[in-house]
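Quick notes on the structure that follows.
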Amino acid sequence: MNGKRDDIDARFEQFYAANFPRVKNFARLLTKSEEDAEDIAQNIFLKLWTRPELWEGQESMTGYLYTVTRNEIFNLFKHQKIEQEYESKVIKSQLIGELCDEDTSLLENLYHKEMLMLIELALNQLPPRRKEVFEMSRFDGFSHKEIAEKLQIPLRTVEDHIYKTLTELRKVLMFVITFHILP
């Protein structure tokens, strides 16, 4: 029994050596990430190692390996999109908290999705530069100094854009609070 497993392991090593670089290169080409490509290729070959019936006796697995690689990349992209959407939700929720000065009792009476939609609408009404500065600050996590350097504008201008945006968003928030509290 042990000899049979050793034989399978030896054949898998040959299969791995012949195919791993192609799978990894294909994954890197599509993901543009060395780390993601390595992870994807490792996952594929780990699955294949546990299922020798898929690869043993096959002369060419190129089509199969490319299909499996493509599917793993799609799964990675789906997962990354879900993470980004969640992160965006968290950031927007934090923004609501910042605008409310942490008065969460008022937030309990508001429809969260409605708030997010109104904030998004308000941001879309801003002048393009002000919106860009605010999003870099609150959504991308850049410091005021980094924004000023990246956009080649004075630090005071960055601070002014953020202050004016927060003022506008607070007005929207107060309107919504008033709308929801008063009959």
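The values are calculated or read from the model by the stated rules, or taken from the named source; none is laboratory data. Computed from a predicted structure; not experimentally measured. Glycine gets a Cβ as well: all are built from the backbone with ideal geometry, and neighbour counts include every protein chain shown.
Below are the figures for this structure:
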read-out: Residue that is surrounded by the most Cβ atoms within 10 Å (Cβ to Cβ) [pool: residues in region 111-161 that are among the basic types (Lys, Arg) and either at pLDDT 90 or above or not in a helix (DSSP H, G or I) (or both)]; value: 130
read-out: Verdict on residue 98 being in a helix (DSSP H, G or I), at pLDDT below 75 and among the acidic types (Asp, Glu); value: yes
read-out: Residue in region 8-28 that is in a loop (DSSP other than H, G, I, E, B) and under 14 Å from residue 68 (Cβ atoms) present; value: no
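Residue-wise test of (1) exposed (fewer than 11 other Cβ atoms within 10 Å of the Cβ); (2) at pLDDT 85 or above; (3) within 23 Å of residue 81 (Cα to Cα).
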position	(1), (2), (3)
8	no, no, no
11	no, no, no
19	no, yes, no
41	no, yes, yes
45	no, yes, no
53	yes, no, no
56	no, no, no
59	yes, no, no
65	no, yes, no
